[in-house]
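I have placed the structure first, in the form of structure tokens, so that the comments after it can refer back to it.
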């Protein structure tokens, strides 16, 4: 693929489509790894006890996940494409370990239903972000502020344990991540349209794009699971 500014509309559409396919492929592989690790962990009593039975290990995994997201987002230019890809899959694997808790809390049928609804919602929203002629740039800051508000409210509710706040943040969270999915898709499409300096930059951009959409998908899934999920007795 040539690098730099894309000249013709036909070539632009071709480049954008190829780049987004690459992003979706990485995202799909990351989700598959997360699902496999989560299912394997939930099916292995000793491993499940190690992850969920020790708060220090569980929170260490969460901190490691946050560190990987920050590292990939802030220092991507320092990594080779192979390193960036490896860190993305490491993050997906660690997420699978922590998400194994859902198999303990929810029935498998409700997890499947929530996943199907999430996949359909994500696909339609991402398609909208890719095809719409409307500029979604303003959505980014709006939904980011909404995300900050949800995080702060959720932290406060750890102490209050207020059910109303819990459900308000859940439903608002669904709206936020639906909006971010459309915004991130259009952002990645526009990024591809500007061209990349070289193959390495394109590869790393695809990994970062996959991480963005992966996070949108996972968070949307967890919020919908709260709403739809049937709790184990």
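What follows draws every value from the coordinates through simple rules; no lab data is involved. Keep in mind the model is a prediction, meaning the values are calculated, not measured. Glycine gets a Cβ as well: all are built from the backbone with ideal geometry, and neighbour counts include every protein chain shown.
Alpha carbon centre of the stretch 147-210 versus the stretch 58-134: separation in Å? Distance between centres, Cα-based: 11 Å. A Förster radius of 22 Å combined with the Cβ-Cβ distance from residue 104 to residue 175 puts the calculated FRET efficiency at roughly 0.20.
Taken over the stretch 130-233, the convex hull of the Cα atoms encloses 133 Å³ per residue.
For the stretch 212-226, no residue has its backbone nitrogen under 12 Å from a point 7 Å from the Cα of residue 142, taken along Cα to Cβ.
Output the 0 to 90 degree angle, nearest 10, between the alpha-carbon long axis of helix 199-228 and the longest principal axis computed from the alpha carbons of the chain. Approximately 30 degrees, to the nearest ten. The calculated 222 nm mean residue ellipticity attributable to helices in the chain amounts to -29500 deg cm²/dmol, summing -39500 (n - 2.57) over DSSP H runs of n ≥ 4 and dividing by all residues. Extending 7 Å from the Cα toward the beta-carbon at both residue 62 and residue 162 defines two label points whose distance is 2.1 nm. At residue 43 and residue 201, where each label point lies 7 Å from the Cα along Cα→Cβ, what is the point-to-point distance in nanometres? Result for the modelled spin labels: 4.4 nm.
Extension gain for the segment residue 132 to residue 152, taken as residue separation times 0.36 nm less the Cα-Cα distance, is 4.0 nm to one decimal.
The stretch 59-137 has equivalent-ellipsoid semi-axes of 26, 25, 10 Å, by the square roots of 5 times the alpha carbon gyration tensor eigenvalues, sorted largest first.
Of the three principal axes defined by the Cα atoms of the stretch 9-228, the extents in descending order read 53, 37, 31 Å.
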